[in-house]
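Notes for the one structure printed next.
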Amino acid sequence: MVCIFKNVTPLAEHYSKLTFPHVSTKTVQLTSGKIAIKSSNTILLYELCQQFPHGITDQVIQNDMPHLEAQQRAMAINRLLSLGQLDLLRNSSGLLYRMKDAQTASKMKGSDNQEKLVYQVIEDAGNKGIWSRDIRYKSNLPLTEINKILKNLESKKLIKAVKSVAASKKKVYMLYNLQPDRSVTGGAWYSDQDFESEFVEVLNQQCFKFLQSKAEVARDSKQSPMVQRNSSFATSHEVWKYICELGISKVDLSMEDIETILNTLIYDGKVEMTIIAAKEGTVGSVDGQMKLYRGVNPIIQPTGLVKAPCGLCPVFDDCHEGGEISPSNCVYMAEWLDF
C-alpha cells in the first residue's frame, strides 16, 4: 500500500504520523529497465538524493527544488519510498531521506513490509544492539510475529543475536556484519559473558609491580627529591608496553584497557595520576596531553567513610542486583564493610 499525501502544510507534520513501506529493488533505471520513473519531479528528487549519501532533510529539498509545491514534493518522495529507493529516518532536526544501500536492498528482496520494518529497527540500533522487547515497542508488532521474523532474518544471516554482559539471560540483535560494542561484550574483561576476575587481578598486580619498580629505581638514584619524584612517573604507554611484553594476555589489550586497570589502582589508593602537556604526535599523548602514573604508599589509612567504594566506582552505572556486577558480590564493598 502506498500513502498519498493531500493538503500537506507543513509536510513534516504529516510524515511523522505515517508509516511508509520499503519495497526492495536493486537499482533504479530512470528511462528503461526494471523500474521506470516517468515523473520528472521524481527523477530530479532521485538525482538530488544521490548527491547527499548521508541523507537530506525536507528543507534541503525545498531549497534545491523551490518550484515544487508541498503536495508535489510529497508525491515524489512517496514514489521513491514505494519503489524502495529511500530510507525514511529521523534525526535531531527532523525527518531525513537517505538513498537505500543497494546491497541491503538486494538482500531484503522478497521480504514483506513487516520484515523490512524489523530489519530497519535493528539497523538503527547500530552495534549496541536492541532487545526484542524494544523491537516490539518500536515496530508495534505482536511478539509472536517478531520472534518469527527474527528467526527468519537470522537464517538469512542478515542479523545476529549477541548475549549482553549487562543481562546474561537476554540477547540483543544487531546486523550480522557488525562488531558488537564494548558495552555489550564487556571488552577484554569478559569471556563468553563471564567476568575474568582472575585476569583483571593479575593485570592489577603486574601494573602496580611495574610502577613500584620504577619508583624504587628513582629512589636508588640518590638525586634530589623532586627529580626522584618526577622520575618515578610512567606513561600509560610504558605500562601497556610492559604488559604486552610479559605475554600474560591472550587478547590484544589497548591503551584504554590498561588505563582502566590503572584507574582501579588509583581508586585503591595505590597509584596517583597527573596530566602534563605534550607535543602533538608524542607516543601516549591525546589532544596535546599525556597521563603519567606512579605508585604511592599512603602515609596514614583514610577513614572508613572516605573509603566507601561506590562514590568512585568506575562501573557504578552497571552495578545492580542480579547483574554480573552487584553490591552482593562486590569485593570492594566487602572490604569496606570489614573495615
Inset, instruction - Please find, among 154, 198, the residue that is closer than 29 Å to residue 114 by Cα and acidic (Asp, Glu). - result: 154
Inset, instruction - Can you tell me which residue within region 253-283, out of those that are touching a residue at least 12 places away in the same chain (Cβ under 8 Å) and farther than 25 Å from residue 313 by Cα, is least open to solvent (accessible area, probe 1.4 Å)? - result: 278
Legend entry - Count of residues meeting criterion [buried (at least 17 other Cβ atoms within 10 Å of the Cβ), assigned to a loop (DSSP other than H, G, I, E, B) and either at pLDDT 80 or above or not polar (S, T, N, Q) (or both)] in region 83-141: 6
Inset, instruction - Would you please name the residue that is surrounded by the fewest Cβ atoms within 10 Å (Cβ to Cβ), looking only at residues in region 196-229 that are free of Cβ contacts under 8 Å to residues at least 12 places away in the same chain and of a type in the set (A, V, I, L, M, F, W, C)? - result: 226
Legend entry - Within region 152-195, considering residues that are within 15 Å of the chain's Cα centre (by Cα) and part of a helix (DSSP H, G or I), the one surrounded by the fewest Cβ atoms within 10 Å (Cβ to Cβ): 183
Inset, instruction - Starting from region 324-339, take each residue that is closer than 18 Å to residue 195 by Cβ and not assigned by the TED database to the domain that holds residue 166 and list its partners that are assigned to a helix (DSSP H, G or I) and among the charged types (D, E, K, R), counting only C-beta distances under 6 angstrom and pairs at least six apart or across chains. - result: 325/318
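The values are calculated or read from the model by the stated rules, or taken from the named source; none is laboratory data. Because the structure is a prediction, the values reported are computed rather than measured. Here Cβ is always computed from backbone atoms with ideal geometry, including for glycine, and neighbour counts include all displayed protein chains. SASA here: full protein model, heavy atoms, side chains in, ligands and nucleic acids out. Shrake-Rupley method; radii C 1.70, N 1.55, O 1.52, S 1.80 Å.
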